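The values are calculated or read from the model by the stated rules, or taken from the named source; none is laboratory data. Just so it is clear, the structure is predicted and the values come from calculations on it, not from any experiment. Ideal geometry is used to build each Cβ from the backbone, glycine not excepted, and the neighbour counts take in all protein chains shown.
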Amino acid sequence: MIRRRDFITLLSSAAAWPVAARAQQAATPVVGLLDSTSFPERWAAFLQGLHESGFVEGQNVKIEYRWAEGRYDRLPSLAADLVRRRVDVIAAPDGMPSAQAAKAATQTIPVVFGVATDPVQSGLIASFNRPGGNLTGAVSLNAELGPKRLQLLHELVPTANRIAALVNPKNPNAETLLRNMEAAARRLNIELDVLRASTEEDLDDALRTAGQVHTGGLVVGADPFFLLRNEQIAAQALSRAIPAIYSYRTFTAAGGLISYSGSFTEGYRLVGLYAGRILKGEKPADLPVQQYTTLELIINLRTAKALGISVPTALLATADEVIE
């Protein structure tokens, strides 16, 4: 038989338990991940960075995933949703569109970005060493590698005097990329055709045009829209016998000829590392923006053979990976 005093104590404990459980649950920090694409290997690198800071998903941190699936117009609403959910930090590791959407959505929640262009010139931060405000992150060289990609393609097909550049006009980096590539094309005495695509129809038309004009090569710009269609683009380039260089390793793994890019896994890891440090109490304004220079050159010899291209020995020697 339960005495009245014991019953009241038991009732009070039962009522208090949900409160304690909710308090413990509320204490678990939440990271909002804002990305234009969803690629597991990149998120694995992000989680590795979080782990290096002492956080493990499902144990002492929760993650709210938001993917735009290559559609820039979805990013602002996804960022606003993370703000409404009052996440503790927003990670935007995949480029300028995500970073700008996060910046526009909040001036108080810390944001850790990963971009490929100068974040000072684009207005994300005040300076690399003292970012100020609520943003910090990591910067790669990927958007600045267009001229180098053109040069590498020229080494593979030195007789080509006409090369096409495929860009997404909705990408904030598109015009900068084109200016740099046009200057490089003039130095190499190459005629550069510009192909623009931001929809499936545009992409089909652009690749068809490249085949019809018998372009000597194709440089595919760094863009999530193209990345999500890596197999389609690599297959169409091969079927039209167009030697192409890409901005992501995923393309060469899917049968593309060659790729040259910054290490995206390193960028995602650094963003995860900073997100964890912010969860521990550091302020984004005090965390210097990290610049990483790891570059990856991948060559697919099977595709080179199919295209009748003999890859120079010197180029093979500098490759980080050769797919045979």
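Restricting attention to the range 97-115, which residues are crowded, with 24+ Cβ neighbours inside 10 Å and either touching a Pro at 6+ places or on another chain (Cβ under 8 Å) or of a type in the set (A, V, I, L, M) (or both)?
To start, the set of residues in the range 97-115 that are crowded, with 24+ Cβ neighbours inside 10 Å comprises 97-99, 101-102, 110-115.
Correct list: 97, 99, 101, 102, 110, 111, 112, 113, 114, 115.
Could you grab me the full set of residues in the range 107-135 that are under 24 Å from residue 247 (Cα atoms) and not in a loop (DSSP other than H, G, I, E, B)?
Step one: list which residues in the range 107-135 are under 24 Å from residue 247 (Cα atoms), which gives 112-122, 124.
Matches in the range 107-135: 112, 113, 114, 115.
A quick yes/no check of all residues on (1) surrounded by 15 or more Cβ atoms within 10 Å (Cβ to Cβ); (2) touching a Pro at 6+ places or on another chain (Cβ under 8 Å); (3) modelled with pLDDT of 95 or more; (4) more than 30 Å from residue 62 (Cβ to Cβ):
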residue: 217; (1), (2), (3), (4): yes, yes, yes, yes
residue: 221; (1), (2), (3), (4): yes, no, no, yes
residue: 227; (1), (2), (3), (4): yes, no, no, no
residue: 245; (1), (2), (3), (4): yes, no, yes, yes
residue: 255; (1), (2), (3), (4): yes, no, yes, yes
residue: 267; (1), (2), (3), (4): yes, yes, no, no
residue: 293; (1), (2), (3), (4): no, no, no, yes
residue: 301; (1), (2), (3), (4): yes, no, yes, yes
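Being closer than 27 Å to residue 222 by Cβ, out of contact with any Gly (no Cβ under 6 Å at 6 or more places or on another chain), among the acidic types (Asp, Glu) and surrounded by fewer than 17 Cβ atoms within 10 Å (Cβ to Cβ) narrows it down to one of 94, 73, so name that one. Working first, answer last.
Details: 94 fails: surrounded by fewer than 17 Cβ atoms within 10 Å (Cβ to Cβ).
Every option except 73 fails the conditions.
Would you pick out the residues in the range 136-161 that are in a loop (DSSP other than H, G, I, E, B) and within 19 Å of the chain's Cα centre (by Cα)? Steps first, please.
First pass over the range 136-161, keeping only residues in a loop (DSSP other than H, G, I, E, B): 140-141, 145, 157-161.
Correct list: 140, 141, 145.
With the structure loaded, tell me whether residue 250 is outside any loop (DSSP other than H, G, I, E, B), touching a helix residue (DSSP H, G or I) at 6+ places or on another chain (Cβ under 6 Å) and closer than 30 Å to residue 106 by Cβ or whether it fails that test. Don't jump to the end; show me each part of the working.
Numbers: outside any loop (DSSP other than H, G, I, E, B): yes; touching a helix residue (DSSP H, G or I) at 6+ places or on another chain (Cβ under 6 Å): yes; closer than 30 Å to residue 106 by Cβ: no.
So residue 250 does not fit the description; no.
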